[in-house]
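J.: Structure provided below as C-alpha cells; questions to follow.
The values are calculated or read from the model by the stated rules, or taken from the named source; none is laboratory data. All values reported here derive from a predicted model rather than from experimental measurement. Reconstructed Cβ throughout: ideal geometry from the backbone, glycine too, with neighbour counts over all protein chains shown. Heads up: the accessible areas ignore ligands, DNA and RNA and are worked out on the full protein's heavy atoms, side chains in. Shrake-Rupley method; radii C 1.70, N 1.55, O 1.52, S 1.80 Å.
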Amino acid sequence: RQLDVVMEALQKVVKQKDVVALLSGIMIEGHTSQTGSEASNWILSSRRSLAALRYLLSRADASQRSTYAKLLFSAAYGPFRPVKTTNGTVDNRRSRRIEIKIVFKSQDQIQGILRQLN
C-alpha cells in the first residue's frame, strides 16, 4: 500500500519533463535490523530494495516505463544505518525498512524547485 502511494507521487513528478531533467535518479535503499549476521543482512537489504524497485517499475504506466528504468536504482545498507529512538537505542523493528530518495543533479536545482513549490 505504501509503495502504491509513493508511485502515485512519482507519476506526478515523471509527467513533468522539466522536473525529470533535474533528477539524477530515484534511489531505493534497503535496510535491516542489527539482528542476524552481516552477510545475511546485506543480502536481505539488497533483496528488499530490489523488490521495491521491481514493484514500482511494474506499476509504471507503459508510456513512462523507460523513464522509470533510467531513474530507479537500488542500494543496500544492511544493518549499518539503524533507526534509533529518542534516547539513542536502536529500534530493530523500524530499522527493517526501505527508504526512497530523490537525487537531484545539483543543490541549486533543489532550491529552485523549493521556491516554485512555495
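J.: Which of the trypsin sites (Lys or Arg not before Pro) across region 40-118 are loop residues per DSSP, with 15 or fewer other Cβ within 10 Å? Don't skip to the end; give the middle numbers.
T.: Values: sites: ARG47, ARG48, ARG54, ARG59, ARG65, LYS70, LYS84, ARG93, ARG94, ARG96, ARG97, LYS101, LYS105, ARG115; in loops: ARG96, LYS105.
Sites meeting the loop and neighbour criteria: LYS105.
J.: Under the classification rounded if a/c is under 1.5, otherwise prolate if a/b is larger than b/c and oblate if not, where does region 63-118 fall, given a ≥ b ≥ c as square roots of the Cα gyration tensor eigenvalues?
T.: On the way: a/c = 3.02, a/b = 1.54, b/c = 1.96.
Oblate, because a/c is 1.5 or more while a/b does not exceed b/c.
J.: OK, next. Ignoring ligands, DNA and RNA, how do VAL14, VAL20 rank by accessible area with a 1.4 Å probe, largest first? Don't jump to the answer; show the numbers that get you there.
T.: Values: VAL14 0, VAL20 30 Å².
Descending accessible area places them as VAL20, VAL14.
J.: Please give the residues of region 18-48, grouped as numeric ranges, whose backbone N is less than 15 Å from a label point set 7 Å along the Cα-to-Cβ vector of PHE80.
T.: Residues 29-34, 38-46 qualify, since their backbone N sits under 15 Å from the label point.
J.: I'm checking a number: the convex hull volume of the Cα atoms of region 38-80, normalised per residue, in Å³. What is it? Present the calculation step by step, with values, prior to reporting the outcome.
T.: Numbers: hull volume 2.2 nm³, N = 43.
Roughly 50 Å³ of hull volume per residue.
J.: Return one whole number: the accessible area per residue of the chain in Å², for a 1.4 Å probe.
T.: Working: 7580 Å² over 118 residues.
That works out to 64 Å² for each residue.
J.: Report, to the nearest whole %, how much of the accessible area of the chain belongs to carbon and sulfur atoms, 1.4 Å probe, protein only.
T.: Working: 3950 of 7580 Å².
Accessible surface attributable to carbon and sulfur in the chain totals 52 percent.
J.: Quote the relative contact order of region 1-82 in percent (integer), defining contacts as alpha-carbon pairs under 8 Å separated by 6+ residues. Mind showing how you got there, number by number?
T.: Working: 104 pairs, mean separation 35.2, N = 82.
Answer for region 1-82 is 43 percent.
J.: Also, I was wondering about something else. How large is the helix-only mean residue ellipticity at 222 nm for the chain, computed as the sum of -39500 (n - 2.57) over DSSP H runs with n ≥ 4, divided by its residue count, in deg cm²/dmol to the nearest 500? Please report the intermediate quantities before stating the final value.
T.: Numbers: 6 runs with 61 residues, N = 118.
Computed ellipticity for the chain at 222 nm equals -15500 deg cm²/dmol.
J.: Also, quick follow-up: Above 23 Å lies some portion of the pair distances; for region 8-118, what is it as a whole percent of all C-alpha pairs? Spell out each step's value before the answer.
T.: Working: 2493 of 6105 pairs.
That tail contains 41 percent of the Cα-Cα pairs.
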